[in-house]
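Asks: One structure coming up, written as structure tokens, with questions to follow.
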């Protein structure tokens, strides 16, 4: 059962049993993240650019300053790759060869589309809500000048796959009795206590 | 003062004041991470591939199965980009336009070199030590077959820059009195309690 295509060239090949093409898995991994790495080819060669994003149904949305180099080069129709990776743990095996990591990742390929008009307003609201992370709203919405300075791009989730490793080490049978600690050291992203901004205008 | 070149095309241009070219900053960001995203161009287009790495002096090392597609396409001399990003917090401003994130990132460009001979053994030991994360050694080292199945690549840190945002929101003066919470919600990667692998061979 696959919601997304498993056709070449974008199916998972290395450790293919860790690949997944179902919508629920892909969405959950995307929804757990804030930063993707976007690959595309600039005049100076390939780049992997960290980028804030939100998922919007069967697309991911991201944005940038209209003046930024990458927004001038990542134009609609450019081939791009969009990757989100969560590192979940270090996996220590009984042999160095089987040391590994637990992770959840999604990789999507396609061409970005420019988001305009009411859809752009909706996208900006999604970005804002994501950064706010459940806090009440009340911030000043973007004005016309700010909106104009920002380009929003959408990548449809069509050629997309998840790849997940979880669980303990997978050692060779002949190593199982070696007297060495083997197991998983879990890793996760945690939020610290919020720090209120006390910046104020200079008096006078 | 710059340890690394600030020449085009790879200097930081967007928010250029957040760019840094000193060795200490670049090394510290690299040493804090486990996974980079590597961009290069395959026959099917650009990819951003998550990749375990270690820093080794003025290089980063990464490895993969010799049979993996990416190792066949990311051959020595291929143009690549190597990016490490740490997300340090959500930055809530008094206006949506100034919402931001705190982060530390490093981006390096160049062409990978194949690591062979005694240097490869040394690289494998560095990978192992990094996964072990301070625990005592004792795992079985890689045998000849395992070494042969693994390719190690090195990217020299030459064209490299760090980009860092820290601190609170940078609001417009006219928004400073808006009655909305503004500040930083810190984020960090934390390690959980280690889970020992209790897998055992079937009896008999």
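Each reported figure results from applying straightforward, stated rules to the coordinates on display, with no laboratory input. Because the structure is predicted, anything quoted here is derived from the model rather than measured. No Cβ is skipped: glycine too gets one built from the backbone with ideal geometry, and neighbour counts run over all protein chains shown.
Asks: Taking the beta-carbon count within 10 Å as an exposure proxy, list A:198, B:12, B:184, A:189 from fewest neighbours to most.
Replies: On the way: A:198 8, B:12 18, B:184 23, A:189 15.
By the 10 Å Cβ count, ascending: A:198, A:189, B:12, B:184.
Asks: A further question follows. Mind sorting A:104, B:13, A:165 by how few other Cβ atoms lie within 10 Å of their own Cβ, fewest first?
Replies: Sorted ascending by nearby Cβ count, the order is B:13, A:165, A:104.
Asks: Provide Rg over Rh for the stretch B:72-115; use the alpha carbon set for both Rg and the Kirkwood Rh (inverse mean inverse pair distance).
Replies: Numbers: Rg = 17.0 Å, Rh = 13.2 Å.
Using only Cα positions, Rg/Rh for the stretch B:72-115 is 1.29.
Asks: Now for a different question. Using only the alpha carbon atoms of the stretch A:97-204, find the Kirkwood hydrodynamic radius as the inverse mean reciprocal pair distance, in angstroms to one decimal.
Replies: Value: 19.8 Å, from the Cα pair sum.
Asks: Here's something else I'd like to know. Based only on other Cβ atoms within 10 Å, what is the fewest-to-most ordering of B:70, B:97?
Replies: Values: B:70 17, B:97 22.
Placing the least packed residue first, the sequence is B:70, B:97.
Asks: How far apart, in nm, are the 7 Å Cα→Cβ label points at residue A:2 and residue A:145?
Replies: 5.1
Asks: Quickly estimate the mean residue ellipticity at 222 nm for the protein assembly as shown, helices only: each DSSP H run with n ≥ 4 gives -39500 (n - 2.57), and the total goes over all residues, rounded to 500.
Replies: Estimated from H runs of four or more residues: -5000 deg cm²/dmol.
Asks: Gaussian network model of chain B, Cα springs within a sub-10 Å range: biggest mean-square fluctuation belongs to which of B:140, B:122, B:55?
Replies: B:140
Asks: Still on this structure, I have one more. Give me the distance between the Cα centres of the stretch B:149-197 and the stretch A:68-136, rounded to whole Å.
Replies: 15
Asks: Something else: From the convex hull of the Cα coordinates of the protein assembly as shown, what is the mean projected area in square nanometres?
Replies: Projected area, direction-averaged: 22.8 nm².
Asks: If the label point is 7 Å along Cα→Cβ of residue A:15, which residues in the stretch B:16-56 have backbone nitrogen under 12 Å from it?
Replies: B:50-52
Asks: Working from Cα positions, state the angle (0 to 90°, nearest 10) between the long axis of helix B:117-132 and the longest principal axis of chain B.
Replies: Here the helix axis deviates by roughly 60 degrees.
Asks: Report the residues of the stretch A:19-37 in range of a label on residue A:68: point 7 Å along Cα→C-beta, backbone N strictly under 16 Å from it.
Replies: A:34-37
Asks: Taking a temperature of 37 °C and a viscosity of 0.692 mPa s, what whole-number D in µm²/s does Stokes-Einstein yield for the stretch A:1-98 with Rh from Kirkwood over alpha carbon pairs?
Replies: The estimated diffusion coefficient comes to 206 µm²/s.
Asks: Springs between alpha-carbon atoms under 10 Å, Gaussian network over chain A: tell me which of A:68, A:48, A:96 tops the mean-square fluctuations.
Replies: A:96
Asks: OK, next. Within 10 Å of each Cβ in peptide B:162-171, how many partner chain Cβ atoms are there on average? Round it to a whole number, please.
Replies: So the per-residue partner count for this stretch is 2.
Asks: Roughly how many Å is it from the Cα centre of the stretch A:15-37 to that of the stretch B:11-38, as a whole number?
Replies: Between the Cα centre of the stretch A:15-37 and that of the stretch B:11-38, the gap is 26 Å.
Asks: What three numbers, in Å, describe the spread of the alpha carbons of the stretch B:16-166 along their principal axes, ordered from the longest?
Replies: So the three principal-axis extents are 59, 42, 24 Å.
Asks: A further question on this structure: What is the gain in length, in nm to one decimal, between residue A:56 and residue A:193 on full extension, counting 0.36 nm per residue of separation less the C-alpha to C-alpha distance?
Replies: Result: 46.5 nm gained on full extension.
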